[in-house]
Structures are given as C-alpha cells and as structure tokens.
1. Could you provide, to the nearest whole Å², the per residue accessible area of the chain with probe 1.4 Å?
2. To the nearest 0.05, how large is the calculated FRET efficiency for SER103 and VAL49 if R₀ is 56 Å and r is the Cβ-Cβ distance?
3. Using only alpha carbon pairs under 8 Å that are at least six residues apart, calculate the relative contact order of the stretch 485-563 and give it in whole percent.
4. Would you mind getting me the FRET efficiency between GLN26 and GLU239? Use the beta-carbon distance for r and R0 = 35 Å, nearest 0.05.
5. How many lysine pairs are close in the stretch 460-563, with Cα atoms under 22 Å apart and the two 8 or more places apart or on different chains?
6. If you keep only loop residues by DSSP, which trypsin sites (Lys or Arg not before Pro) in the stretch 176-207 have at most 12 other Cβ atoms within 10 Å of their Cβ?
7. Can you pull out the GluC sites (Glu not before Pro) in the stretch 454-554 that DSSP calls coil and that have at most 14 other Cβ atoms within 10 Å?
8. If you restrict to DSSP beta bridges whose two residues both lie in the chain, what percentage is antiparallel, to the nearest 5?
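The values are calculated or read from the model by the stated rules, or taken from the named source; none is laboratory data. A quick note: this is a predicted structure, and the numbers were derived from the prediction, not measured. Glycine also receives a Cβ, built like all others from the backbone with ideal geometry; neighbour counts cover every protein chain displayed. Heavy atoms of the whole protein, side chains included, go into the accessibility calculation; ligands, DNA and RNA do not. Shrake-Rupley method; radii C 1.70, N 1.55, O 1.52, S 1.80 Å.
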Amino acid sequence: MSRTLLKTSFVESSGRERAHSILDDQSYKELLGPQDNIESPHLEPQGIVPQSDDGVVVAKGTINEHPAIVISIEGNFQGGGIGEVSGAKIAGVLELALKECESGMRIIPVLVFDTGGVRLQEANYGVLSIAEIGAAIVALRRYVPVIAVIPGKIGAFGGMSITAGLCSKIIMTRGARLGLNGPEVIEQEAGIREFDSKDKQLIWGTIGGEQRTAAGFADVLIEDDADAIKEKISSFILEDTVYSPRTLQGDRYETLLSLVEPEQRLSANEVRLLWKLSENEEIKEKLPSLESDKSTGRGQTWFDLLRADFLEIGDIPSVRVADGMIGEKKVRFIAVVPDNQNRFPRARKGEVGLLEAWSIAKHVRNAIKADQNSEKRTIVAIVDVPSQAYGYHEELLGIHQACAAAVDAYASARLEGHPVISFIPGNAISGAFLSHGMQANRLIALHDEGVNVHVMSKQSAARITQRTLEELEIATKKVPAMAYDIKSFEKLGALFSLVDGVEASSPEKKDRDIIYKEIDRAIEDVRTDNSRDLSGRLSSSYAQSGGRAASILVREKLREQWK
C-alpha cells in the first residue's frame, strides 16, 4: 500500500487525536481530561453549554522518547476561544514544564493552535490567561525550543497569534492561517475596502500558510500528514541549535517595514521579495523623523507629566520614550500616542501598529542591555491604547509578530530583574494591551470612567458573538470579565492598585506626585517579593476571594496529576 493511502489527516483530526498522533504510543497521559469535569463557570449563565475539558487537551508523554507535553486546542468548541479554564490549563502546564526545566529536566512543549483567540464570552479572563501563557513561553524558551503547529481549519488569531509568534519554531499547513485580526474584525473596524472578509483568495494570500512561510513568519510549510508533522517536530527537538526567535530579529523586520510604501497596496508576492531584500545588510533603515504635531490624549499628557524635564529618546513620534527618575530610582517611561502623520494610516489614533510594537521592543531591550552590569532600571509602560491597528498591510506585514516582539521584550526585562510597572490612565484594549502593559510585574490604574479594559470594541464583540449591543450589555452584568469598566477588571485580581482622587484627563503636579508615590510603592513591592513571574496576580485578595477561582483550581489539579 502506498504512503499516500496511509496518510492520516492532521487537519481533519480532533484536538485529542492530534495530541495522540504527536506523542509516542503508550506514553500518552492526559491531564485534566473530560473525566475530571472541570468546566468553565462562566458559560452556562449566558445560556452556553460548557464542555468538560473546556476545549483544550493537555497531554504528557514522549516524542520519539524525548519527554514532551502537547497542548492541543479544539477548534470545534467555541471556535477554540481561550477562557479562564482553558487558558489556565495551557498556562498551568507550561508553568509546570518550566519548573522541570529549571531543575534540569528537558521537557519539550508543543502547542497545536486552532483558535480565534480570546473567548469573548469570558473576555478579560482570556486576556489575563494569554498574558500568562506568553510569560511562560518566554521563560521556557531559555531552556528548550517551544514548538507551534498551526494545522488549519480556524488557524491562530487574536492574542493567540501573538503567542504563536513567541514560539521558537512554527509549522503550518497550506490551509492554515496566522493573523492578529480576523478578517471579519478588520472589515468591522476598518471597512470592506480595507479588507473584504468574504474574499477567500485575499485571506489566504495575506495570512495563509504558504504566504506566512515565504514571508518569514513561519518556519516550515508541511503537508497535511500526521506522521510528517510528528517527524518534523522530532527533528526540531534533535537539532543542536540555539534558536534566534523572530521576536529578536527586530533589525530585519524594521528594515522590511522601511522598504514599504503604505500608500501603495502591496501584494503578497511583493512582500516576499521585500523579505528577501531585507537580508541585505547594506540597506539602511529609513527611520521617520521625530518632527510631528503634538498629539493629544491621556497617554501623551501623562507621559509629559511623569517624565518632567527629562529628554525624550524615542525614534518615532508615536512611541514616546524618556529616561527619568522617581526619587532615587532610575525609570524608563514608554507611551504609545496618536500621530496623525504615521506612515501607516491605521495606526494614527494611538493604536499599537507595526512600527509601534517593534519600537517598544527595541527600547525595552536597549534598557536591558545597558543595565546588564548595573542597577536594573524600572520600566514604566504608560497605557492609553484604543486597540492594535486593523488593516490589510498590518496583517500582511505581520502585526502579530511585531506585538510578540513587544511582549517578549517586556517579559524578558521582568525576568532579568527589571521592575516593570504598567500605569493605566486611559484605555487598555485588546492586543495593544497584551503588547504594551500586560507583562508588567504590577498594574496600576486610575479609578475613572475613561479607563477601560477589554479584548475588543463593543461593535466588533457584538458581531463576533452574534449579539446586539443591548444583549452584550446584559451579558456583562452576569460576567464581570466581559465588562469594560476598570472596577470590574479590578475584581479579577490583576491590579496592584486602583487609584482614586486623581484628575485623569488634565492632571497637575499634585496628581503626578500621587502616581510617583504609587509607582514607587509598586517598585518596592516587586523588589521585596523578588518574584519575576506573574504569579502575584493569582495570590491577590480579589483573585483568592473568587476573581480567579477557576484559574487557581486548575493549577492545583494540574500539580496533583503532573507526577
């Protein structure tokens, strides 16, 4: 019988079948499987039938006798959306693998993506979980390669595309898709002229497996064969190579962006040619001028106030950077602000776009490098971001990868001992917040109606969940994680402090002094705690009293079953 007849389709397999096909026979041990009956507590109140494994299969075993864990997302349940339980399963098992690696055991993580990103019915639970998943991947990658497989059907979208961008190696099939913003969301936010969500040729030519591999956003384009995929994973495990993740290749990606004229609609083939051209070290990066109209908005207002008289050191108008002092402590302030002359029009209103995310990564990494043998300065992310940029060029040129670079930089700074503090005086929405703020040791927010945290605009969330805006508002009252206001977010336990008595839009010196004191208090708390991960978000009073009850329970059960 020919090999063709013996092929098993990886794409058509279920999440559990995919995990079985990757691990060696007889080695497969599923953790928190259906028999454990740990369901999302947030779906039934919304009239949604939960699933006993919450759409994520976690299995421990071997791959050609090498210890491994496989995390396989089941796209047939809620579109593979990440909620509190599913997110805790992924983050929790990665955290356990990290402990094994730290003790000298080499265990390889393999993530199989079939997900639209955050499960909108659990919104901010998904955002918190994806931040914790990303933190674990960055830490794990210091010991072992973290391998991603994107087989097809749904693909990898939303915050989980950023997670994929953090991985050491990415395997895709021709039918797979990888992008931060789904076609329907781009059309909703930017209009059909920007992206027609019904144009299948456009979709695959922009974010499909063949295009992503040719343009450098994935490593291997592979046939839809379970055996071939396992063989390729095994070859990555056996390679005696120190990987340089895409998140650390900022110079090349910035060179690619400098070759782009956003006014002209690039084709997929043109991007492939530019990607090859970006290898030429003689091409000099065309950095934009810092000359721009002064932007408005809370991010810019608070950046100017907090940096005081210290000079800016940023390289693009939309990312403000300055080194300053709070008392005797060295601080680097970073804010993303509007720029009405931005080369990429979809990022002109303060969104985190391609240039912004790579610039954030550069300035954080420069601080890490400069402080290698001296005091680790505090990095303060000033967060007022309406969203990531939604656009055709953004997807074609890999905004998910740019955002992954920013995530990686903040997480790396935290792991190197830099206190990373997020100060939120305005909006903290979607992939923009994941990229700029969510990797902080401590989060500080103003108690103000203009401060909102969420995964998506209300209009897009209503479209994706097939609800009216009125129905969406009703749902937020049943599940605090779906609400946009900062008080509801506080109940989830991630905030270090929610600050009252501060003028959010037009702050004065007295308001600055209050925030200086709060940042200083957060820095001292980080140094006293001496923890460099995000576990503090699960030990806070709000988290312990119910805000993250399922996240805590899942991790407890995983620890019990791990051995």
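1. Details: 21590 Å² over 563 residues.
That works out to 38 Å² per residue.
2. Numbers: r = 40 Å, r/R0 = 0.72.
After rounding to 0.05, the efficiency reads 0.90.
3. Details: 37 pairs, mean separation 35.6, N = 79.
Worked out over the stretch 485-563, it gives 45 percent.
4. That gives a FRET efficiency of 0.85.
5. Values: LYS477/LYS487; LYS477/LYS491; LYS478/LYS487; LYS478/LYS491; LYS487/LYS517; LYS509/LYS517.
Lysine pairs, 8 or more places apart or on different chains, close enough: 6.
6. Numbers: sites: ARG177, ARG193, LYS198, LYS200; in loops: ARG193, LYS198.
Counting only loop positions with at most 12 other Cβ atoms within 10 Å, the trypsin sites (Lys or Arg not before Pro) in the stretch 176-207 are ARG193, LYS198.
7. Details: sites: GLU470, GLU471, GLU473, GLU490, GLU503, GLU508, GLU518, GLU524; in loops: GLU503, GLU508.
Passing both the DSSP loop test and the Cβ count: GLU503, GLU508.
8. Values: 23 of 63 bridges.
Restricted to the chain, the bridges split so that about 35 percent are antiparallel.
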